[in-house]
Amino acid sequence: QVQLVESGGGLVQAGGSLRLSCAASGRTFSNLAMGWFRQAPGENQKFPAAFSWGASNTYYADSVKGRFTISRDNAKNMVYLQMNSLKPEDTAVYYCAARAARSAAVVATPTDYDYWGQGTQVTVSS
């Protein structure tokens, strides 16, 4: 069992930065693939943003690549999403998600993730 709690969301102006955190408990953290998804206002689905799994694997959606960085501290059971050069279109609820790491390739489909945090709101003003 895994419990996830996100924090760090807030209001920032375009071009600014935020760092989201996700604290995990209940399972060996290093064995988990971690993902960040986001759901914009009015949308009915979550979209992939960034993923971390295995020893050093990362993947970024094209929309955030070069601006966002996912990192993790396995000793602290924490995963982070550093978001730089934020744009208004980044406004969304950001969710931390986890699954047992099994694949060598990225898994970026929400239905493949078993555990979810409550979400944290990120609002980017223009």
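The values are calculated or read from the model by the stated rules, or taken from the named source; none is laboratory data. Source: prediction; values computed, not measured. Cβ atoms come from the backbone with ideal geometry, glycine included; neighbour counts cover every protein chain shown. For the accessible areas, the whole protein counts, side chains as well, though only heavy atoms, and no ligand, DNA or RNA atoms are used. Shrake-Rupley method; radii C 1.70, N 1.55, O 1.52, S 1.80 Å.
At 37 °C and 0.692 mPa s, grab the translational diffusion coefficient of the chain from Stokes-Einstein with a Kirkwood Rh over Cα pairs, rounded to a whole number in µm² per second.
Here the translational diffusion coefficient equals 229 µm²/s.
Got a sec? Which residues in segment 1-32 would a label at Val107 touch, if it sits 7 Å along Cα→Cβ and we count backbone N under 13 Å?
The answer is 31-32.
Please give the peptides 91-99, 45-53 ranked by average Cβ packing (other Cβ atoms within 10 Å per residue), highest first, as a rough proxy for protection.
Packing proxy ranking, top to bottom: 91-99, 45-53.
Give me the extension gain from Asp73 to Gln118: residue separation times 0.36 nm, minus the current Cα-Cα distance, reported in nm with one decimal.
14.2 nm
Compute the accessible area per residue over segment 15-126, keeping the other protein chains in place, probe 1.4 Å, unit Å².
48 Å²
Put a dot 7 Å past each Cα toward the Cβ at Ser56 and Ser25; how far apart are the dots in nm?
Between Ser25 and Ser56, the label points sit 3.2 nm apart.
Arrange the peptides 3-11, 104-112 so that the one whose residues have, on average, the most other Cβ atoms within 10 Å appears first.
Per-residue mean Cβ counts within 10 Å order the peptides as 3-11, 104-112.
Of the heavy-atom accessible surface of the chain (probe 1.4 angstrom), what whole percent is carbon and sulfur?
Ligands and nucleic acids excluded, carbon and sulfur reach 46 percent.
Sort all Cα-Cα distances of segment 1-53 into consecutive 5 angstrom bins from zero, then give the percent of pairs in each bin up to the one containing the longest distance.
4, 14, 20, 26, 20, 10, 5, 1
Using a 1.4 Å probe and counting only protein heavy atoms, arrange Trp36, Trp116 so the residue with the most accessible area comes first.
Heavy-atom accessible area, descending, gives Trp116, Trp36.
Give me the percent relative contact order of the chain, please, defined on Cα pairs under 8 angstrom at least 6 residues apart.
RCO, the chain: 36 percent.
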